[in-house]
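Coordinate-derived values only; no laboratory data. Note that the coordinates shown come from a computational prediction; the quantities given were computed from them, not determined experimentally. As a convention, Cβ positions derive from the backbone with ideal geometry for all residues, glycine included, and neighbour counts pool all protein chains shown.
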Amino acid sequence: MATYIDIITGFLESGKTTVINELLQSNYLKEFRKIIVVICEEGFTEYDEEKFKKMHVELLKVENESDLNDDLFIQIAEEYTPDYILVEYNGTWNISNILGLKIPFENKFRNVVFVSDAGNFRNQLSNMATVMQPHILNSDIVIFNRFEKLHQGMQKKLTRDIKNINPRTRVTFINEFETDKILKERFMTFNNPENTSMNFKMNLKVGIFLALCFSLLLIFEFPNAYSYTQSIVTVFLSILMQAIPFILLGAFISAGIQIFASTGWIMKQISKGSWYSFLIASVAGFFMPICDCGMVPIISGLLKKETPLPQTITFWLSSSAVSPIVIISMLYAFPEQPYLAVVRVITGLIIGIMVGVILKLINLETKDVTKGNRRVQNIGKDVLELKYDGVKGKIEAVFAGAKVEFFRVAEYVIIGALISAVLQTIMPQTMKSFIGNNIIVQFIVMIVAAMLMSTCSTSNAFIGRSFSNNFSTVPILSFIVMGPMLDLKNMVMLSEILKKRFLLFLATLVIIESAIVFGALSFFL
């Protein structure tokens, strides 16, 4: 049976010791024969060592960051053979150091829990973003305490601050622990493999049963339902079978470039604000091949450091067009029309540069469009932080990054493929004929679809290809190119730092320029 390791991290006096004290005294842990608590930081709240000894809890103190190494966990496993390990981690230490340790095979990292004093969080984030952000980025749950004196609505703002950094973490506000119930529901069962597996199997069985009942109802009540369902499944699977191999290849390429290519010089050039910097900003995405969703925190960080607005927007809009993964996806999705990959790059660059130049000509600056009360994380490093050293470490980091990229992108491919399959199957033939004979309507429909479907830039070529039976080439290209630029979810996330009026102006400007660019392109394709 695996020995789970839970990490409680946060700054001094954030409440980590209180969380651990309550956790250790819960009934949930009474079944364990031996528990080890590794203390990396001593706060004002102390542990009752005598009491813990009676509870079979052993406290180990680590004073130096270098002492928290592979040998420590090997020693713990050999000397104590614990059933459970808790680590009170120092909030000023690099979280990658502990997560990158090569722990014994029977040990498994389970939860990273970030604890913070709600009243001090925003001030700490503003002044120590580069220290806090990696801890939050790797957290599975964030616990806020001491929030009673905050004004109404601050909980939502703090939650948005956390979600801007790590959209997948859970955020909870706990004033006083309600003993076992809260600990079990909100902490101990989170990411527990056994419980996750059990819940997944149960949900899967219920889902299959409901799907069968619904399918039988459709077949008996609507004779044509079976043929529609079969068509949807066929189109859906065909899109996935074409996309998945590429996504796996693209994930490795993306992780490899992020690990081996430095982006510091590029960011410095963009910050200069010269006319030449527009060219650097437009091609910078080639060296940072992450999807448009991943660009949001980077753009937020650049704006926080008051990087020139025109160059930053050009970098954002053009990044999805020049990404090597996007280029390969176009070649893979349109093998009989390889020139479309070049067209996508050129149109994306033209639109991105044109928007940036217009913003510069009207003298729109970063301070004019950013919200003055926002505290966004500071981005001053490359996209990925290495957890290992040397060539072997970089190769391991590439595989780890590829895993993250693959599962993140695959999520959007599945959703987009399903929507595309349903639309193609159920769209009435008369509507198809109307759309098929009017390129202006096609363009409008594709722009709306690009905004609402919010497909990932690294995979939307396959979704666009699936519309080729009903739409012309140019509207499909507009869907592929404009999707990342007008992505609704990205606009919502960026509204945390950019004024909504500017985002509306930017979307309008992008649509007008795209209409001009693709209108001109329609004479050639």
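Using the Cβ-Cβ distance between Ser66 and Lys30 with R0 set to 41 Å, the FRET efficiency from 1/(1 + (r/R0)^6) comes to roughly 0.70. Taking Cα pairs under 8 Å and at least six residues apart, what relative contact order does the stretch 3-190 come out at, in percent? Answer for the stretch 3-190 is 28 percent. Extension gain, Asn363-Leu12: 0.36 nm per intervening residue step, less the Cα-Cα distance, totals 121.9 nm.
Shape call for the stretch 104-170 from the C-alpha gyration tensor, a ≥ b ≥ c root eigenvalues: rounded (a/c under 1.5), prolate (a/b greater than b/c) or oblate? Verdict is prolate for the stretch 104-170.
Ordering of 56-69, 102-115 by packing is 102-115, 56-69, highest average first (other Cβ atoms within 10 Å, averaged per residue).
Taking the fewest neighbouring Cβ atoms within 10 Å as the starting point, the ordered list for Tyr339, Tyr80, Tyr4 is Tyr339, Tyr80, Tyr4. Fully extending the segment from Arg170 to Glu78 would add 29.7 nm, taking 0.36 nm per residue of separation and subtracting the current Cα-Cα distance. The label point for Met128 and the one for Arg160, both projected 7 Å from the Cα toward the Cβ, are 2.5 nm apart. Inter-label distance, Lys54 to Ile516: 8.0 nm, where each label sits 7 Å from its Cα along the C-beta direction.
Here the stretch 94-112 is scanned for amide nitrogen atoms under 18 Å from the site 7 Å beyond the Cα of Ile395 along Cα-to-Cβ, giving 102. Neighbour counts of other Cβ atoms within 10 Å put Phe462, Phe406 in the fewest-to-most order Phe406, Phe462.
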